[in-house]
Amino acid sequence: MDNEIPIGKRTRLYRFFERLPAMASYGAIIVLIVLSIVNPVLAAVYLLAIILTMFVKVFGITYHMVTGRNRMDRASQVVWSKRLGDLERPSASYARLRGKAGTAEVGFDQHVENLRLVAAAEEGFFPKPSDIYNALIVPAYNESYEVIEPALRSVLETTYDKQHLIVVFAYEERGGADMKATAQRLKRTFGRHFHTFETVEHPKDIPNEVVGKGGNITYAGRWLQSYLEEQQIPFGNVIVTTMDCDNKPHKTYFDYLTYEYIVREDRKHLSYQPVCLFTNNIWDVPAPMRVVATGNSFWNIISSMRPHMLRNFASHAQPMDALVEMDFWSVRTIVEDGHQYWRSYFHFGGNYDVIPLHVPIYQDAVLSSSYTKTLKAQFVQLRRWAYGASDVPFVGVRVFSRTRNVPFWGGFTRFVRLLDGHVTLACVSILVAFGGWVPLILNGEAARSVAVHQLPDTVSLLQRIAMLGIAVAIFTSFKLLPPKPARYKKSRNILMLLQWVLMPVTAIVYNSAAAFYSQTRLFFGKYLDKFDVTEKMIAEQTAKSRK
């Protein structure tokens, strides 16, 4: 089965599925309008059904947000390098630890059980930590040294054995002479600290590639393949993480990742997803961006507690042998991270899962050289993420096919969740905000119905009850914050609280509008074929540019 996005003209079936997200999103609003004109009571029932469904979801989301945050706190305190050391001699470690089961340390009992299973397995079935290498691919376009250096410095400060860490700095030829000079400077700074630190330049204008991150990291992955063959390092002993050049992994990330990779029996068919938190520069960005960034961080925490819903996003890891077999990532989409889940799912005939890693990788919130540019850059980023709706046709034509290679019901439920997620992102915030007034505005007879006349008040009541979830989110957001920079006064904390009044605005102006934009382009076949790189700046650079 062809596992790539088609080039040029699509089949009729493919075009139907490309149009489906927009048809469903616009259709949800059109149905409310039509029912309001024809039968306002049915319109009220329709709207309340949608809002009540979301109302129930809010409580589940709030629960997963709290438990996910607690799980992340506890997992971040585990000395994963010590657990990794236990796997080097599993029999002796099991004999030493089995009587200590029941400790409060998260996952300790499971760790003891893992040691038992590894010790009982045939020699070589579970690799030893000393046999494993981690490869880190860091793509960049035109970011400054000041943005990239702290990220690589944080990699150097992780607890993992750096002599088993291969770093590939993958930069774009499109970035010009300045980017090449930055790559060379980074190699001079970090070259001696890892097993190897290599810079790989991705040529521009490669045929059949969209201008995006997928082509860059795939080109770097092919270089890594050649390097491992030269070094005679088995692909199955290498785990590859892709990490944007502003990301900072938790100090235990590579130890935790390596541990989970070793103890999984079907490790080739798994990928590993840390919790991406957009908090690096959260104190510096404008209030709307803080709300958007915090909401995205919450969603990643929630997703880590729902493995059946977890998908590849931003920084993630996958075994090298699987990547080589799949020819790495797609070079024909601007959302290569989420799309990688579907490529892997169909390539392995449905035998593929994402394992959550309950430690963070810290990322930057959107910050540009001016307030206006930052507002625009945020929309461009969300527009790119919302273009993940392009996965709907990729999945649809494979699930609804006589030649499908995955179980139908498993594929079907995944397809429904995928479509539902994009439709919900587009239309629900609009329906919740304005839907209660539509029957009264469009149908003069609606005021005679008590149910319809009370609809705005009913919706408002449900919104106020749902504010309990917002209150929990506000409390949790303060626990996510890094220490306040000395340049800010205590009054900044008040702004961090007041910013949440912007949540309805950002939900509509950013999330909903970005989703409708991307889905509309798909509907008309106006494909996004260029990865609009989010400008990355640190607070000091922003201040200078404003002078």
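Which pairs have Cβ atoms under 8 Å, sit 6 or more apart or on different chains, and link a residue in the range 70-89 that is assigned to a helix (DSSP H, G or I) to one that is aromatic (Phe, Trp, Tyr)?
ALA75/TYR256; TRP80/TYR256; TRP80/TYR259; SER81/TYR160; ARG83/TYR259; LEU84/TYR259; LEU87/PHE126; LEU87/TYR259
Residues in the range 160-168: is at least one among the hydrophobic types (A, V, I, L, M, F, W, C), surrounded by 15 or more Cβ atoms within 10 Å (Cβ to Cβ) and touching a residue at least 60 places away in the same chain (Cβ under 8 Å)?
So far as the range 160-168 goes, yes, one or more of its residues are among the hydrophobic types (A, V, I, L, M, F, W, C), surrounded by 15 or more Cβ atoms within 10 Å (Cβ to Cβ) and touching a residue at least 60 places away in the same chain (Cβ under 8 Å).
I need the full set of residues from the range 271-290 which are surrounded by fewer than 23 Cβ atoms within 10 Å (Cβ to Cβ), assigned to a helix (DSSP H, G or I) and of a type in the set (A, V, I, L, M, F, W, C), in order please.
Within the range 271-290, just ALA287 meets the criteria.
Looking at the range 1-28, which of its residues are under 28 Å from the mean Cα position of the chain (by Cα) and hydrophobic (A, V, I, L, M, F, W, C)?
MET1, ILE5, ILE7, PHE16, PHE17, LEU20, ALA22, MET23, ALA24, ALA28
Just give me the residues in the range 95-108 being part of a helix (DSSP H, G or I) and either of a type in the set (S, T, N, Q) or closer than 24 Å to PHE254 by Cβ (or both), in sequence order. Working first, answer last.
Filtering the range 95-108 for residues part of a helix (DSSP H, G or I) gives 95-100, 108.
Residues satisfying the conditions are LEU97, PHE108.
In this structure, is GLY215 over 29 Å from THR374 (Cβ atoms) and of a type in the set (Gly, Ala, Ser)?
On the way: over 29 Å from THR374 (Cβ atoms): no; of a type in the set (Gly, Ala, Ser): yes.
Answer is no for this residue.
Looking at ALA92 and the list (1) of a type in the set (A, V, I, L, M, F, W, C); (2) in a helix (DSSP H, G or I); (3) surrounded by 14 or more Cβ atoms within 10 Å (Cβ to Cβ), which single condition is not satisfied?
(3)
Taking only the range 298-322 into account, find how many residues are of a type in the set (Phe, Trp, Tyr) and in a helix (DSSP H, G or I).
So the count comes out to 2.
Looking at THR158, is it in contact with a Phe, Trp or Tyr (Cβ under 6 Å, 6 or more places away or on another chain) and over 15 Å from CYS245 (Cβ atoms)? Lay out the reasoning, then the answer.
Details: in contact with a Phe, Trp or Tyr (Cβ under 6 Å, 6 or more places away or on another chain): yes; over 15 Å from CYS245 (Cβ atoms): yes.
Considered against the rule, which asks whether it is in contact with a Phe, Trp or Tyr (Cβ under 6 Å, 6 or more places away or on another chain) and over 15 Å from CYS245 (Cβ atoms), THR158 comes out as yes.
Anything in the range 77-89 that is loosely packed, with under 15 Cβ neighbours inside 10 Å and among the β-branched types (Val, Ile, Thr)? List them, or say none.
Hit for the range 77-89 is VAL79, nothing else.
For the range 383-406, which positions are of a type in the set (A, V, I, L, M) and part of a helix (DSSP H, G or I)?
ALA386, ALA389, VAL392, VAL395, VAL397, VAL399
Filter the range 351-373 for residues that are surrounded by fewer than 21 Cβ atoms within 10 Å (Cβ to Cβ) and modelled with pLDDT under 95 and give the result.
Once the filter is applied, which keeps residues that are surrounded by fewer than 21 Cβ atoms within 10 Å (Cβ to Cβ) and modelled with pLDDT under 95, the range 351-373 yields SER369, SER370, TYR371, THR372, LYS373.
Within the range 12-25, is there a residue that is more than 30 Å from ASP529 (Cα to Cα), assigned to a helix (DSSP H, G or I) and not aromatic (Phe, Trp, Tyr)? Write out each step before concluding.
Looking only at the range 12-25, we keep the residues that are more than 30 Å from ASP529 (Cα to Cα), and these are none.
No, because not a single residue in the range 12-25 is more than 30 Å from ASP529 (Cα to Cα), assigned to a helix (DSSP H, G or I) and not aromatic (Phe, Trp, Tyr).
If you check ILE51 against the conditions, is it within 28 Å of the chain's Cα centre (by Cα) and within 29 Å of VAL331 (Cβ to Cβ)?
On the way: within 28 Å of the chain's Cα centre (by Cα): yes; within 29 Å of VAL331 (Cβ to Cβ): no.
No, not satisfied.
Of the conditions (1) hydrophobic (A, V, I, L, M, F, W, C); (2) touching a residue at least 40 places away in the same chain (Cβ under 8 Å); (3) more than 30 Å from ILE474 (Cβ to Cβ); (4) in a helix (DSSP H, G or I), ILE5 clears all except one; give me its number.
It is condition (4) that ILE5 fails.
Farther than 28 Å from GLU229 by Cβ, touching a residue at least 12 places away in the same chain (Cβ under 8 Å) and surrounded by fewer than 17 Cβ atoms within 10 Å (Cβ to Cβ): is that true of PHE313 in this structure? I'd like the intermediate steps shown before the answer.
Working: farther than 28 Å from GLU229 by Cβ: yes; touching a residue at least 12 places away in the same chain (Cβ under 8 Å): yes; surrounded by fewer than 17 Cβ atoms within 10 Å (Cβ to Cβ): no.
So PHE313 does not fit the description; no.
Can you tell me which condition VAL380 does not meet? The list is (1) part of a helix (DSSP H, G or I); (2) in contact (Cβ under 8 Å) with a residue 24 or more places away in the chain; (3) touching a Phe, Trp or Tyr at 6+ places or on another chain (Cβ under 8 Å), and all the others hold.
Of (1) part of a helix (DSSP H, G or I); (2) in contact (Cβ under 8 Å) with a residue 24 or more places away in the chain; (3) touching a Phe, Trp or Tyr at 6+ places or on another chain (Cβ under 8 Å), only one is false for VAL380: (3).
Pull up the range 291-310, narrow it to residues that are small (Gly, Ala, Ser) and crowded, with 21+ Cβ neighbours inside 10 Å, then point me to the one that is farthest from the chain's Cα centre (by Cα).
The first filter runs over the range 291-310 and keeps only residues small (Gly, Ala, Ser), leaving 293, 295, 297, 303-304.
Filter once more, so that each one left must be crowded, with 21+ Cβ neighbours inside 10 Å: 293, 297, 304.
Values: ALA293: 12, SER297: 9, SER304: 10 Å.
Only one residue tops the list, namely ALA293.
Across the range 317-336, what is the total count of residues that are farther than 19 Å from ASN134 by Cα and either under 16 Å from the mean Cα position of the chain (by Cα) or among the aromatic types (Phe, Trp, Tyr) (or both)?
4
The values are calculated or read from the model by the stated rules, or taken from the named source; none is laboratory data. Everything numeric in this text was worked out from a predicted model, so none of it was measured. Don't worry about glycine lacking a Cβ; one is built from the backbone with ideal geometry, like all the others, and counts go over all protein chains shown.
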